[in-house]
Each structure stands twice: as structure tokens, then as C-alpha cells.
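The values are calculated or read from the model by the stated rules, or taken from the named source; none is laboratory data. Keep in mind it's a predicted model, so treat the numbers as computed, not measured. Positions of Cβ are backbone-derived with ideal geometry, glycine not excepted, and every protein chain shown enters the neighbour counts.
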């Protein structure tokens, strides 16, 4: 049994790989909430709001962690030194 036959068997199996609605709804809520909060905070700070909003839709929680490290810490220091 080769790779192709295993993959074809997975395609033909009903219900194989279908995500449950009980998983999709909470994940969608988490991603939309994260994206909205990142967008609003980035817009308030003037730090590419659309970029952070779109990145927040892709994955959780790494965009939030990167935002907190890069925008809240690094951008704040850079902006402070520039004045």
C-alpha cells in the first residue's frame, strides 16, 4: 500500500478530516476578537492597523505576542528616541 492509496482512501472515507462545528465556532470567535483588538490598538498607536488586523485573522496567539513585543515595546522605544 503506497502513499497514493492511503491518501485516496482518506479522501473517500466519509467524515474523514471534517472539522466539527464545535471547534470551528470558538476558533472563529477567538480569531475575530484577536484581530479586532489588534486593529483597534494599532490604529490608536499609529502602527499599521490593517497589517496587524489581517495578521490577527491568520493564527492565534502568536500575532498578539509579536504585537506586544514589537509595537508595545520596540516601537515605543523607537518613537521615544526620535523625539
From the options 30, 55, 65, residue that is out of contact with any helix residue (DSSP H, G or I) (no Cβ under 7 Å at 6 or more places or on another chain) and either crowded, with 18+ Cβ neighbours inside 10 Å or touching a residue at least 12 places away in the same chain (Cβ under 8 Å) (or both): 30
Residue check, residue 17 assigned to a helix (DSSP H, G or I), touching a helix residue (DSSP H, G or I) at 6+ places or on another chain (Cβ under 8 Å) and either modelled with pLDDT under 85 or surrounded by 15 or more Cβ atoms within 10 Å (Cβ to Cβ) (or both): no
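Can you tell which of 45, 77 is surrounded by 13 or more Cβ atoms within 10 Å (Cβ to Cβ) and modelled with pLDDT under 90? First the steps, then the outcome.
Details: 77 fails: surrounded by 13 or more Cβ atoms within 10 Å (Cβ to Cβ).
Only one candidate passes the filter, namely 45.
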